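Structure first, then comments.
The values are calculated or read from the model by the stated rules, or taken from the named source; none is laboratory data. Everything quoted here is computed from the prediction, not taken from an experiment. Cβ: placed from backbone, ideal geometry, glycine included. Neighbour counts: every protein chain shown. Just the protein is used for accessible areas: all its heavy atoms, side chains included, with ligands, DNA and RNA removed. Shrake-Rupley method; radii C 1.70, N 1.55, O 1.52, S 1.80 Å.
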Amino acid sequence: MAKKVVVVHCSPRAKGNSSMLADEFIRGAEEAGNQVTRMDVGRASIHGCMACEYCFSHEGACVQDDDMQQLYPALREADVLVYATPMYFYNLPAQMRAFEDRTFCQVGKPFNVKQTALLLCFEDKDITTADAAVGTFRQCASYCKRKILGEVIVNGVYEKGAIAGNPGLQEAYQLGLSIR
């Protein structure tokens, strides 16, 4: 049975390395027969959660009127949530954090998402510098009771397009293809 997959691209850089990872994952997921929605949150206007708890008493609706309102419907129907993101200053970028924080409204009306994956790329040649970012992703997945389907971690890429030819692109494609 086909799954509804949401790929959240978190970089403000269009057609950069994390975007290329997302594209390959999407290609694989669609070839596997899944319905894929891509969300480019890196350039979206998404404000941080205000902790007002409006969503608690309004069936998961968020009081803020920004680009997140357009994303909620697909998130509520998704089976799989995949993050494609760069790492900035040894952590997940602010664009991803704002998006994640705003999914807190699922406390008021739970999302259907049961599975997740991470596509992460960054400049540093030492892959262990991503440990904190990957740990944050894993902790959030655990808190939301989402099974991690895979993680593609690509280091040593910075300039736009530097990931071209990297085995990580094939890994992202294979991970997408494995979604069934």
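Just to be sure before I move on: is R180 part of a loop (DSSP other than H, G, I, E, B), basic (K, R) and under 22 Å from I26 (Cα atoms) in the structure I sent?
yes
What's the number of the only condition in (1) more than 15 Å from the chain's Cα centre (by Cα); (2) crowded, with 20+ Cβ neighbours inside 10 Å; (3) in a helix (DSSP H, G or I) that T129 fails to meet?
So T129 meets the others, but not (2).
Tell me, please, whether a residue that is farther than 18 Å from T37 by Cβ, in contact with a strand residue (DSSP E or B) (Cβ under 7 Å, 6 or more places away or on another chain) and either of a type outside the set (S, T, N, Q) or not in a loop (DSSP other than H, G, I, E, B) (or both) can be found in segment 108-121.
Scanning segment 108-121 turns up at least one residue that is farther than 18 Å from T37 by Cβ, in contact with a strand residue (DSSP E or B) (Cβ under 7 Å, 6 or more places away or on another chain) and either of a type outside the set (S, T, N, Q) or not in a loop (DSSP other than H, G, I, E, B) (or both).
List pairs: first in segment 98-115 and farther than 16 Å from K147 by Cα and touching a residue at least 40 places away in the same chain (Cβ under 8 Å), second part of a helix (DSSP H, G or I) and open to solvent by 60 Å² or more (accessible area, probe 1.4 Å), Cβ under 8 Å, 6+ apart or cross-chain?
From segment 98-115, the pairs are V107/F56; G108/F56; G108/S57.
Filter segment 101-115 for residues that are crowded, with 18+ Cβ neighbours inside 10 Å and more than 17 Å from K4 (Cβ to Cβ) and give the result.
Correct list: R102, C105.
Enumerate the pairs (first residue in segment 122-147 and touching a residue at least 60 places away in the same chain (Cβ under 8 Å); second residue anywhere and open to solvent by less than 30 Å² (accessible area, probe 1.4 Å) and of a type in the set (V, I, T)) with beta-carbon separation below 7 Å, excluding pairs fewer than 6 apart on the same chain, so at least 6 apart or on different chains.
R146/V113; R146/T116
Is it the case that V36 is closer than 17 Å to V82 by Cα, out of contact with any Phe, Trp or Tyr (no Cβ under 8 Å at 6 or more places or on another chain), β-branched (V, I, T) and in contact (Cβ under 8 Å) with a residue 24 or more places away in the chain?
In short, yes.
Checking the condition open to solvent by 10 Å² or more (accessible area, probe 1.4 Å) and either in a loop (DSSP other than H, G, I, E, B) or among the hydroxyl-bearing types (S, T, Y) (or both), which residue from A51, A98 passes?
A51
Across segment 1-23, which residue is least open to solvent (accessible area, probe 1.4 Å) among those that are among the charged types (D, E, K, R) and either modelled with pLDDT under 95 or not in a helix (DSSP H, G or I) (or both)?
Only one residue tops the list, namely K3.
Could you run through segment 154-172 and say how many residues are over 18 Å from R27 (Cα atoms), of a type in the set (A, V, I, L, M, F, W, C) and open to solvent by 40 Å² or more (accessible area, probe 1.4 Å)?
Residues in segment 154-172 being over 18 Å from R27 (Cα atoms), of a type in the set (A, V, I, L, M, F, W, C) and open to solvent by 40 Å² or more (accessible area, probe 1.4 Å): 1 in total.
Which of the residues that make up segment 24-40 are more than 20 Å from A98 (Cα to Cα), under 13 Å from the mean Cα position of the chain (by Cα) and either among the aliphatic types (A, V, I, L, M) or surrounded by fewer than 16 Cβ atoms within 10 Å (Cβ to Cβ) (or both)?
I26, V36
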